[in-house]
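Trainee: Dropping the structure in here first, questions after.
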Amino acid sequence: MFRALTLQLCLRRVALKSVHSAPLLEGHCLPRMGRARPSLRTFSTSRSQTGNRGAGLPTVWKLSLGGAALAGGLLLTQLSIEWPAGSWMGRWGKVFALQKDASLASVQDGKGSSLQQKMERELPEEKAQLAKAPNVPPPIQRRHPARVMVDLNVIVKELPIDDTSTYEFWTFEEAVPGPMIRARVGDLMQVRLTNRDQSGMYHNMDFHAVLGPGGGATVLNCSTDETKTATFKLTYPGLFIYHCAVDPVSVHIANGMYGLLLVEPEEGLPPAEKEYYVVQSELYTEDEPDTPNSSLLPFSIDRVMDERPNYVVFNGRVGAHLEDNPLKATVGDRVRMYVGNPGPNLVSSFHVIGTIFDKAYRDGSLVNEPARGLQTLMIPAGSAAIVELDALVPGTFTLVDHSISRIEKGCVGFLQVDGEARDPELFHSKDGPAPCPGCKIHP
């Protein structure tokens with residue numbers, strides 16, 4: 001049994017204009033001293049007796065922690081622990097110091113480098129897991145944080161928006177949506193953005209997962225052929241939108257500058273046989289090309305301002321996932337979809353005809369418990385959601401925005417489930433399927 005266990009946590013704000021350091025006294029906070037350079041004091045231990053020496057009480061180890069002030073933030077804390085020398089805690093005791101992590105305040109070691117920088121240097125580096133829609137990067141296998149390197153290029157590219165028309169998109173990595181990024185909570189995400197748009201337009205990135213001004217946009221703002229680099233700590237698990245935030249933001253989003261960042265929780269996500277990346281977005285174009293014999297539709301600023309898209313699509317174009325390129329699964333699969341809605345204007349009523357969402361993580365939050373048994377999920381502009389369903393019946397299942405007139409603007413896709421039915425009571429008819437002529441949702 002422990003004879004004594006004393007935990008003393010003392011926090012104290014320090015004025016921004018001075019940094020103080022001194023040894024911690026047991027039970028006291030750091031005193032206010034002059035402008036001495038802060039140092040991280042070492043641990044010290046001493047062997048002593050507790051209680052009455054004549055009582056035969058066991059020898060204990062007593063550990064004290066020195067401390068230092070954090071510039072502009074919380075002080076390191078006093079932690080004093082006593083335990084029997086032969087106990088498990090005596091062998092494996094740990095001491096923790098508190099730091100104001102959100103402010104990235106630094107504590108200087110004896111060599112003048114900051115504790116924060118030292119921690120960052122010691123993290124293993126790895127290239128970010130990226131994938132273009134509808135593919136999803138593989139799950140994170142590690143169970144520790146890392147420095148994750150994300151290299152992205154802004155490239156203007158003409159891409160099809162349906163079978164007859166094209167559009168000049170502003171893209172991340174020549175894809176609409178931009179690549180999906182997969183990381184883990186606690187990771188330091190280092191973003192290196194290069195602007196290869198030769199028009200002279202500025203571009204940047206606003207990550208909804210980032211804590212700080214502009215979600216990172218203010219430090220990633222770059223002109224033609226310029227590269228900007230910044231590092232952000234990922235503090236919340238979930239599915240987050242990223243997008244360009246150069247003024248006017250609606251124009252940059254409407255032109256294709258968006259994507260999703262998945263931040264896995266520390267324990268990772270449960271396995272799923274199929275994972276897909278799906279983004280609903282809007283296109284605002286003129287009705288006809290500017291020049292004869294051209295398929296290129298020009299951008300319409302009036303339609304954006306009036307919130308009147310002439311296209312609403314999944315994954316960048318009409319028909320991205322119809323009969324010739326459906327999402328696929330097999331009976332018995334767990335299907336997880338990472339669904340984003342960058343807008344810029346519309347709210348999505350995401351629905352998959354013929355299924356029920358067994359789990360739905362509203363607003364992409366992996367902190368809150370998922371909703372269960374949902375038919376339709378509301379995804380506001382600038383948000384995302386994770387939905388999971390079980391493929392129990394073979395056939396074609398249709399992704400739609402249940403603001404259903406948007407089907408006529410292109411917002412429809414298919415999930416094709418192959419295999420044999422396992423429970424005939426779930427879905428049974430003596431007659432085979434007979435879709436109505438010209439039907440867009442029941443092939």
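Trainee: From (1) assigned to a loop (DSSP other than H, G, I, E, B); (2) touching a Cys at 6+ places or on another chain (Cβ under 7 Å); (3) not β-branched (Val, Ile, Thr), pick out the condition that doesn't hold for residue 201.
Mentor: Here residue 201 meets the rest and fails (2).
Trainee: Also: Determine whether the range 157-170 contains at least one residue that is in a loop (DSSP other than H, G, I, E, B), open to solvent by less than 30 Å² (accessible area, probe 1.4 Å) and modelled with pLDDT of 95 or more.
Mentor: Yes, that holds for at least one residue.
Trainee: Also, quick follow-up: Report, by residue number, each residue of the range 304-321 that is over 28 Å from the mean Cα position of the chain (by Cα) and open to solvent by 40 Å² or more (accessible area, probe 1.4 Å).
Mentor: Across the range 304-321, the qualifying residues are 305, 306, 308.
Trainee: How about the range 171-185: which of its residues are in contact (Cβ under 8 Å) with a residue 40 or more places away in the chain and either charged (D, E, K, R) or surrounded by fewer than 17 Cβ atoms within 10 Å (Cβ to Cβ) (or both)?
Mentor: 173, 182, 184
Trainee: So, one more: Applying the selection to the range 152-174, what residues are within 19 Å of the chain's Cα centre (by Cα) and among the aliphatic types (A, V, I, L, M)?
Mentor: Across the range 152-174, the qualifying residue is only 152.
Trainee: Among (1) touching a residue at least 12 places away in the same chain (Cβ under 8 Å); (2) in a loop (DSSP other than H, G, I, E, B); (3) within 30 Å of the chain's Cα centre (by Cα), where does residue 325 come up short?
Mentor: (1)
Trainee: Cβ-Cβ below 8 Å, separation at least six or inter-chain, first residue in the range 332-352 and at positive phi, second modelled with pLDDT under 95 and surrounded by fewer than 24 Cβ atoms within 10 Å (Cβ to Cβ): which pairs?
Mentor: So the pair list comes out as 332/422.
Trainee: Is it the case that the range 410-424 has a residue that's among the basic types (Lys, Arg) and modelled with pLDDT under 95? Spell out how you get there, then give the answer.
Mentor: Of the residues in the range 410-424, the ones among the basic types (Lys, Arg) are 422.
In the following step, the residues that additionally are modelled with pLDDT under 95 were identified as 422.
Yes, the range 410-424 contains at least one residue that is among the basic types (Lys, Arg) and modelled with pLDDT under 95.
Trainee: Scan the range 234-275 for residues that are within 22 Å of residue 197 (Cβ to Cβ), in a loop (DSSP other than H, G, I, E, B) and either open to solvent by 10 Å² or more (accessible area, probe 1.4 Å) or polar (S, T, N, Q) (or both) and jot them down.
Mentor: Within the range 234-275, 245, 246, 247, 248, 255 qualify.
The values are calculated or read from the model by the stated rules, or taken from the named source; none is laboratory data. All figures in this text were calculated on a predicted structure; none of them were measured in a lab. Cβ: placed from backbone, ideal geometry, glycine included. Neighbour counts: every protein chain shown. In case anyone asks, the SASA skips ligands and DNA or RNA and just uses the protein heavy atoms, side chains included. Shrake-Rupley method; radii C 1.70, N 1.55, O 1.52, S 1.80 Å.
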